[in-house]
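Undergrad: This is the structure I have questions about; it appears just below.
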Amino acid sequence: MDTFSLDALVSGLTDANFAKEYAVASWALFVYEYFITFDQEVTNLWRTQGSYLLKVLWFFNRYTFFLSFSPTLLLSFVPLSPEVSSNPLRHSSKRVLIHYSRPFLAMFVKFPAAMQVILNASAGCTLILRTYALYACQKVLYVYVLPMKWILVMLLPVVAIGAAVESWALTMGVPTKLPPGVVGCILTGNPVDGDRFAFYWTSQLVFPTVIFGMTVARIVYLRREGQLKGGIVDVLMRDGVIYFAIIFIANLVNVVTFVTASQTVKQINAPFTEMIISVMICRIILNLRTERCLHNNSDEMSDFQCATWKERNGKISGDSDARSPTIFDSQVGTIGSVVDECESVMEFESASVVEGKTSKFAGRDGLV
């Protein structure tokens, strides 16, 4: 064997081992995060009433990575077919970096990436609910219907297009060619397709950027109007900045790595990205739910909202308490049932307008 072949073999072994160790570390971090937040999951999510949509999204956000990546990680250490040779050095130089697993691996290697498409869509829907809660629930009645429509019309197609682009790019994925004697289940792009597989990660840069921009713009506006003072708004801003920064950087690293790295490590950051999306989106939900529970009892939320809005509608707009952020906190904190709660709030506003109790809306036609 010549020097080039030996160097290629050593490089392939090193890259494959590093990729598998990085994947194990990502999985271990997810398991650690799962156990330290499981009590919050049970208390603030599963034991609460309603929010069935949020619970469905939570299941996909929380468990998609675990259910898809665990068997994939196992296949990175357990061979699926007999080894070509117990000693890879016996192979000719032309076969040093050519080792194909049987067809099952070629199909299964796409499984975690396909599940990540589902995870990305679920995380996107969760962020849409969060953005909807931030935009839709306001005191002025005529702004309810319009934001609900344009937010859904604008954001849902972005999620759908992103999922379609990721699915298209996934069709170009193939198992990474590993040195003989090395077991692995690592997805990469087909060399004949060039760098087009990078679209799988590029598409994931768009939606977080849109959500981050909308969140910052809305919070800045509400702060300028004096409608928000601390509380959940700080949680929204903090989590929004952290989520965007981490997810954007992780996906950007994927794009750069895929374009510049060797074939074996092109997808080395993929497990970490899938893991961190799951962890971050679940943290966003838990933080909002925990903040809500600190201010209000879940069983008394409906009565509390009724009292709050009736009190606000009965006051003159000059009262500083009339712009209390409490109802905003409850809306965002209840993220999963935001649609139902907004509808109940609209009923209070409509009743007040019809009965003439809200001087602010008196004489305004076409609002109800």
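Residues are listed down the side, and each one gets a yes or a no for (1) assigned to a helix (DSSP H, G or I); (2) among the aliphatic types (A, V, I, L, M); (3) modelled with pLDDT of 90 or more:
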| position | (1), (2), (3) |
| --- | --- |
| VAL235 | yes, yes, no |
| GLY240 | yes, no, no |
| PHE244 | yes, no, yes |
| ILE249 | yes, yes, yes |
| ASN254 | yes, no, no |
| VAL259 | yes, yes, no |
| PRO271 | yes, no, no |
| MET275 | yes, yes, yes |
| ILE281 | yes, yes, yes |
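Undergrad: Out of LEU222, LEU155, I need the residue that is at pLDDT 85 or above, surrounded by 15 or more Cβ atoms within 10 Å (Cβ to Cβ) and over 18 Å from GLU274 (Cα atoms). Which one?
TA: Result: LEU155 is the single residue among LEU222, LEU155 that is at pLDDT 85 or above, surrounded by 15 or more Cβ atoms within 10 Å (Cβ to Cβ) and over 18 Å from GLU274 (Cα atoms).
Undergrad: Would you confirm whether or not region 17-25 contains a residue that is surrounded by 13 or more Cβ atoms within 10 Å (Cβ to Cβ), farther than 19 Å from ALA123 by Cβ, at pLDDT below 85 and touching a Lys or Arg at 6+ places or on another chain (Cβ under 8 Å)?
TA: For region 17-25, residues surrounded by 13 or more Cβ atoms within 10 Å (Cβ to Cβ), farther than 19 Å from ALA123 by Cβ, at pLDDT below 85 and touching a Lys or Arg at 6+ places or on another chain (Cβ under 8 Å): absent.
Undergrad: How do the pairs read when you match residues in region 56-79 that are part of a loop (DSSP other than H, G, I, E, B) with residues anywhere that are of a type outside the set (Val, Ile, Thr), using Cβ under 6 Å and keeping only pairs 6 or more apart or on different chains?
TA: That search, which allows pairs on different chains as well, returns SER76/LYS20; SER76/GLY184; SER76/CYS185.
Undergrad: While we're on this one: Mind checking whether some residue in region 41-58 is on the phi > 0 side of the Ramachandran plot and buried (at least 18 other Cβ atoms within 10 Å of the Cβ)?
TA: yes
Undergrad: Identify, by number, the condition in (1) under 22 Å from the mean Cα position of the chain (by Cα); (2) closer than 28 Å to PRO175 by Cα; (3) crowded, with 22+ Cβ neighbours inside 10 Å that THR264 doesn't meet.
TA: (1)
Undergrad: Looking at (1) of a type in the set (Gly, Ala, Ser); (2) at pLDDT below 80; (3) in contact with a Pro (Cβ under 8 Å, 6 or more places away or on another chain); (4) within 20 Å of ALA19 (Cβ to Cβ), can you tell me which one SER76 breaks?
TA: Only one criterion in (1) of a type in the set (Gly, Ala, Ser); (2) at pLDDT below 80; (3) in contact with a Pro (Cβ under 8 Å, 6 or more places away or on another chain); (4) within 20 Å of ALA19 (Cβ to Cβ) is unmet by SER76, namely (3).
Undergrad: Give the residue, chosen from VAL109, VAL165, that is modelled with pLDDT under 90, in contact with a Cys (Cβ under 6 Å, 6 or more places away or on another chain) and closer than 19 Å to THR273 by Cα.
TA: Exactly one of VAL109, VAL165 is modelled with pLDDT under 90, in contact with a Cys (Cβ under 6 Å, 6 or more places away or on another chain) and closer than 19 Å to THR273 by Cα, namely VAL109.
The values are calculated or read from the model by the stated rules, or taken from the named source; none is laboratory data. Quick caveat, the model's predicted, so the values are computed rather than measured. Quick reminder, even Gly has a Cβ in these numbers, built from the backbone with ideal geometry, and neighbours come from all protein chains shown.
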